[in-house]
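Working notes, beginning with the structure itself.
The values are calculated or read from the model by the stated rules, or taken from the named source; none is laboratory data. Here the structure is a predicted model, which is why all the values come from computation and not from measurement. Glycine gets a Cβ as well: all are built from the backbone with ideal geometry, and neighbour counts include every protein chain shown.
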Amino acid sequence: ATGSSGARELVREALERYGLSQLSAGQYALCDVIGKFEGPEKRWQMEGLRVLGDHEKPLLIQDLWKPREGFSRRLELRKRAEVEELAAKDVDTTTAGQSWVWVREKGTWSCNASPSCMGKMHPTLA
(Lines give C-alpha, C1' and ligand atoms only; values in the text may rest on other atoms or scores of the structure.)
Protein backbone atom coordinates (compact mmCIF):
# COMPACT_ATOMS: atom_id res chain seq x y z
CA ALA A 1 0.00 0.00 0.00
CA THR A 2 1.12 3.53 -0.75
CA GLY A 3 -0.13 7.02 0.00
CA SER A 4 -2.03 6.95 -3.28
CA SER A 5 -3.87 3.70 -2.43
CA GLY A 6 -7.63 4.10 -2.18
CA ALA A 7 -9.77 2.71 0.65
CA ARG A 8 -11.28 0.00 -1.56
CA GLU A 9 -7.78 -1.18 -2.55
CA LEU A 10 -6.73 -1.35 1.11
CA VAL A 11 -9.86 -3.38 1.97
CA ARG A 12 -8.98 -5.90 -0.74
CA GLU A 13 -5.36 -6.11 0.44
CA ALA A 14 -6.47 -6.72 4.04
CA LEU A 15 -8.91 -9.44 3.00
CA GLU A 16 -6.19 -11.12 0.94
CA ARG A 17 -3.71 -10.91 3.83
CA TYR A 18 -6.15 -12.63 6.19
CA GLY A 19 -7.15 -15.29 3.67
CA LEU A 20 -10.67 -14.00 3.07
CA SER A 21 -12.34 -13.83 -0.32
CA GLN A 22 -11.87 -10.54 -2.14
CA LEU A 23 -15.29 -11.17 -3.66
CA SER A 24 -16.76 -10.12 -0.31
CA ALA A 25 -14.94 -6.76 -0.34
CA GLY A 26 -18.24 -4.90 -0.76
CA GLN A 27 -19.38 -6.24 2.62
CA TYR A 28 -16.53 -4.41 4.37
CA ALA A 29 -15.76 -0.75 4.96
CA LEU A 30 -12.52 0.92 5.94
CA CYS A 31 -13.20 3.25 8.87
CA ASP A 32 -11.23 6.22 10.15
CA VAL A 33 -11.58 5.91 13.94
CA ILE A 34 -10.68 8.46 16.61
CA GLY A 35 -10.31 7.35 20.22
CA LYS A 36 -7.99 6.99 23.15
CA PHE A 37 -6.52 4.33 25.39
CA GLU A 38 -8.05 4.39 28.87
CA GLY A 39 -7.61 2.71 32.21
CA PRO A 40 -4.79 0.60 33.61
CA GLU A 41 -5.30 -1.97 30.84
CA LYS A 42 -5.08 0.79 28.21
CA ARG A 43 -8.27 -0.36 26.48
CA TRP A 44 -9.24 1.40 23.28
CA GLN A 45 -12.26 3.69 23.68
CA MET A 46 -13.73 4.86 20.38
CA GLU A 47 -14.89 8.48 20.33
CA GLY A 48 -15.92 8.77 16.69
CA LEU A 49 -15.82 6.92 13.43
CA ARG A 50 -16.23 7.74 9.77
CA VAL A 51 -16.54 5.31 6.90
CA LEU A 52 -14.03 6.22 4.21
CA GLY A 53 -15.24 6.51 0.64
CA ASP A 54 -13.87 3.91 -1.78
CA HIS A 55 -11.61 6.44 -3.52
CA GLU A 56 -10.37 8.32 -0.44
CA LYS A 57 -6.66 7.97 0.33
CA PRO A 58 -6.51 6.80 3.98
CA LEU A 59 -2.72 6.80 4.30
CA LEU A 60 -2.52 10.32 2.89
CA ILE A 61 -5.28 11.47 5.25
CA GLN A 62 -3.33 10.07 8.22
CA ASP A 63 -0.22 11.98 7.14
CA LEU A 64 -2.09 15.27 6.74
CA TRP A 65 -4.22 15.28 9.85
CA LYS A 66 -3.39 14.31 13.42
CA PRO A 67 -6.04 14.06 16.16
CA ARG A 68 -5.96 16.53 19.00
CA GLU A 69 -3.75 15.87 22.01
CA GLY A 70 -4.68 12.82 24.06
CA PHE A 71 -6.44 11.10 21.17
CA SER A 72 -5.25 8.60 18.60
CA ARG A 73 -6.44 7.63 15.18
CA ARG A 74 -6.47 4.25 13.52
CA LEU A 75 -7.95 2.55 10.52
CA GLU A 76 -10.35 -0.31 11.19
CA LEU A 77 -11.83 -2.82 8.79
CA ARG A 78 -15.48 -3.37 9.73
CA LYS A 79 -18.44 -5.13 8.20
CA ARG A 80 -20.76 -2.59 6.61
CA ALA A 81 -23.75 -4.17 8.38
CA GLU A 82 -22.04 -3.54 11.75
CA VAL A 83 -21.39 0.11 10.89
CA GLU A 84 -24.99 0.58 9.72
CA GLU A 85 -26.18 -0.92 13.02
CA LEU A 86 -23.97 1.50 15.00
CA ALA A 87 -25.37 4.43 13.02
CA ALA A 88 -28.97 3.28 13.59
CA LYS A 89 -28.42 3.11 17.37
CA ASP A 90 -26.76 6.53 17.50
CA VAL A 91 -29.67 8.94 17.05
CA ASP A 92 -28.25 12.45 16.98
CA THR A 93 -30.56 15.17 15.71
CA THR A 94 -27.83 17.83 15.68
CA THR A 95 -25.38 16.18 13.28
CA ALA A 96 -27.51 13.38 11.83
CA GLY A 97 -26.47 12.50 8.30
CA GLN A 98 -23.37 14.67 8.39
CA SER A 99 -19.87 13.42 7.82
CA TRP A 100 -16.79 14.96 9.35
CA VAL A 101 -15.83 18.13 7.57
CA TRP A 102 -12.12 18.86 7.29
CA VAL A 103 -10.75 22.34 6.70
CA ARG A 104 -7.20 23.55 6.24
CA GLU A 105 -6.30 26.36 8.62
CA LYS A 106 -2.84 27.93 8.87
CA GLY A 107 -1.02 24.89 7.54
CA THR A 108 -2.84 22.30 9.68
CA TRP A 109 -5.96 20.24 9.18
CA SER A 110 -8.79 20.52 11.67
CA CYS A 111 -12.32 19.28 12.03
CA ASN A 112 -15.14 21.70 11.37
CA ALA A 113 -17.96 19.58 12.81
CA SER A 114 -20.48 20.84 15.30
CA PRO A 115 -20.57 20.80 18.30
CA SER A 116 -17.04 19.41 18.53
CA CYS A 117 -14.71 17.19 16.59
CA MET A 118 -14.88 14.48 19.24
CA GLY A 119 -18.68 14.42 19.45
CA LYS A 120 -20.83 11.62 18.10
CA MET A 121 -20.31 11.16 14.38
CA HIS A 122 -22.28 9.24 11.85
CA PRO A 123 -20.64 7.18 9.13
CA THR A 124 -21.22 8.01 5.52
CA LEU A 125 -21.93 4.83 3.59
CA ALA A 126 -21.04 4.68 -0.08
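The table for this structure:
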| quantity | calculated |
| --- | --- |
| Selection within segment 1-18 - farther than 16 Å from residue 79 by Cβ and either at pLDDT 90 or above or among the polar types (S, T, N, Q) (or both) | 2, 4, 5, 6, 9, 13, 16, 17 |
| Per-region count, segment 1-44, residues assigned to a strand (DSSP E or B) and either aromatic (Phe, Trp, Tyr) or under 21 Å from residue 57 (Cα atoms) (or both) | 10 |
| Checking residue 18 against (1) under 26 Å from residue 89 (Cα atoms); (2) out of contact with any Ser or Thr (no Cβ under 7 Å at 6 or more places or on another chain), the condition it does not meet | (1) |
| Pair list, Cβ under 7 Å, 6 or more apart: segment 26-50 residue polar (S, T, N, Q), other residue outside any strand (DSSP E or B) | 27/80 |
| Search result, residues across segment 21-73 that are surrounded by 14 or more Cβ atoms within 10 Å (Cβ to Cβ), among the charged types (D, E, K, R) and over 13 Å from residue 8 (Cβ atoms) | 32, 36, 47, 50, 73 |
| So residue 99, is it modelled with pLDDT under 90, under 23 Å from residue 9 (Cα atoms) and not hydrophobic (A, V, I, L, M, F, W, C) | yes |
| Contacts under 7 angstrom Cβ, first residue in segment 70-81 being within 15 Å of residue 58 (Cα to Cα), partner outside any strand (DSSP E or B) and modelled with pLDDT of 90 or more, 6 or more apart | 75/58; 77/11; 77/14 |
| Residues of segment 25-58 satisfying the condition of being in contact with a helix residue (DSSP H, G or I) (Cβ under 7 Å, 6 or more places away or on another chain) and polar (S, T, N, Q) | 27 |
